[in-house]
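Heads up: the structure comes next, in structure tokens.
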Amino acid sequence: MNKIEHIGIAVKNLTNSIDIYQKLLNTDCYKTELVASEAVNTAFFKTGDNKIELLAATSPDSAIAKFLEKKGEGIHHIAFAVDDILEEMERLRNEGFVLLNDQPKKGADNKMICFVHPKETNGVLMELCQEIKWV
Ligand code: CMX
């Protein structure tokens, strides 16, 4: 795995949190994106080489709504950049980790993604992400 690609933070109100993080990081949100398949609205910030993704639920059934209900606002996942997501998924499966999707799926910010169940990673939801390259 390569560097941490981003840290995902679950928030109740995206508009309010964009305002807070713009003030905190002293930089503008560079992108907002609805990921309908995940029932989530996202907002991205860059600080140096690092990225923060704010996540707000668009439906009570979404993973983010359930997370907020159980744990409240806070760090939801850590995402690692990978060069070859299929290879990395195979490696993790062989190491006994439980992947939450069989195939990579389209995530926010032009990425193919796969999640690793937090039960096997000391309570932290992990995400693999590979940049989609358009040829
Ligand atoms: N980090 C750490 N633990 C988490 C978690 C998270 N983000 N989300 C849930 N959990 C915990 C639950 O609290 C629960 O713990 P306990 O058993 O101690 O109560 C445990 O994981 C299992 O929870 P569950 O009730 O069996 O399952 P959930 O319905 O809560 O689903 C999960 C949990 C991780 C399987 C589900 O949220 C999932 O599939 N996540 C991947 C997709 C996702 O998170 N999408 C939103 C982000 C999309 C994006 O980044 O674009």
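The values are calculated or read from the model by the stated rules, or taken from the named source; none is laboratory data. This is a predicted model, so every value here is computed, not measured. No Cβ is skipped: glycine too gets one built from the backbone with ideal geometry, and neighbour counts run over all protein chains shown. The protein model used for the area step is the full one, side chains on, heavy atoms only, and it has no ligands, DNA or RNA in it. Shrake-Rupley method; radii C 1.70, N 1.55, O 1.52, S 1.80 Å.
Tell me, what is the percent relative contact order of the chain, built from C-alpha pairs under 8 Å that lie six or more residues apart? Display every interim value, and only then the final one.
Numbers: 266 pairs, mean separation 33.5, N = 135.
Relative contact order comes out at 25 percent.
I need the calculated FRET efficiency for the pair Lys105 and Asn16, taking r as the beta carbon distance and R₀ as 30 Å, to the nearest 0.05.
On the way: r = 28 Å, r/R0 = 0.95.
Approximately 0.60, to the nearest 0.05.
Excluding ligands, DNA and RNA, what is the solvent-accessible area per residue of the chain at a probe of 1.4 Å, expressed in Å²?
Numbers: 8010 Å² over 135 residues.
Spelled out: the 1.4 Å probe surface of the chain, per residue, equals 59 Å².
Lys/Arg Cβ at +1, Asp/Glu Cβ at -1, dipole of the chain taken about the Cα centre: which of Leu92, Thr32, Ala81 is farthest positive-ward?
The listed residue farthest towards the positive side: Thr32.
What's the carbon and sulfur percent of the chain's accessible surface, probe 1.4 angstrom, rounded to a whole number?
Details: 4100 of 8010 Å².
Reported share for carbon and sulfur atoms: 51 percent.
Kindly provide the chymotrypsin sites (Phe, Trp or Tyr not before Pro) of the range 45-135 that DSSP labels as loop, not H, G, I, E or B, and whose Cβ sees at most 16 other Cβ atoms within 10 Å. Numbers along the way, then the final one.
Details: sites: Phe45, Phe67, Phe80, Phe97, Phe115, Trp134; in loops: Phe97, Trp134.
Loop-located and lightly packed - Phe97, Trp134.
Could you pull out every whole DSSP H run in the chain that spans at least 15 Å of Cα extent along its own axis and averages -1.0 or higher on the Kyte-Doolittle scale?
Numbers: long enough: 14-25 (16 Å, 0.27).
Membrane-span-like by this rule: 14-25.
Okay, helix-only estimate at 222 nm for the chain: each DSSP H run of n ≥ 4 adds -39500 (n - 2.57), divide by all residues, round to 500 deg cm²/dmol; what do you get?
Numbers: 3 runs with 31 residues, N = 135.
The helix contribution divided over the chain gives -7000 deg cm²/dmol.
By how many nm would the segment from Arg93 to Leu25 grow when fully extended, if each residue of separation counts as 0.36 nm and the alpha-carbon distance is taken off?
On the way: separation 68, 0.36 × 68 = 24.48 nm, distance 3.67 nm.
Between Arg93 and Leu25, full extension yields 20.8 nm more.
Based on Cβ point charges of +1 for Lys and Arg and -1 for Asp and Glu, what charge dipole magnitude is obtained for the chain about its Cα centre, in debye rounded to the nearest 20? Don't skip to the end; give the middle numbers.
Working: 16 positive and 21 negative charges, 70 e Å.
Magnitude of the dipole: close to 340 debye.
Lysines near Lys111 by alpha-carbon distance under 19 Å, same-chain residues fewer than 8 away left out - which ones?
Of all the lysines, those that pass the test against Lys111 - Cα under 19 Å, at least 8 places apart if same chain - are Lys3, Lys31, Lys46, Lys51, Lys133.
Could you state how much accessible area Leu34 has, in square angstrom rounded to the nearest 10, with a 1.4 Å probe and all protein chains kept in place?
100 Å²
Mind running the shape call on the range 76-122? Use the C-alpha gyration tensor, a ≥ b ≥ c as the square roots of the eigenvalues: rounded below 1.5 for a/c, prolate if a/b tops b/c, oblate otherwise.
Working: a/c = 1.82, a/b = 1.26, b/c = 1.44.
It comes out oblate by the Cα gyration axes.
Shape verdict for the range 1-130, please, from the Cα gyration tensor: rounded (a/c under 1.5), prolate (a/b greater than b/c) or oblate.
Prolate, since a/c reaches 1.5 and a/b exceeds b/c.
Rounded to the nearest 5, what % of the DSSP beta bridges within the chain are antiparallel ones?
Details: 29 of 37 bridges.
DSSP beta bridges in the chain are roughly 80 percent antiparallel.
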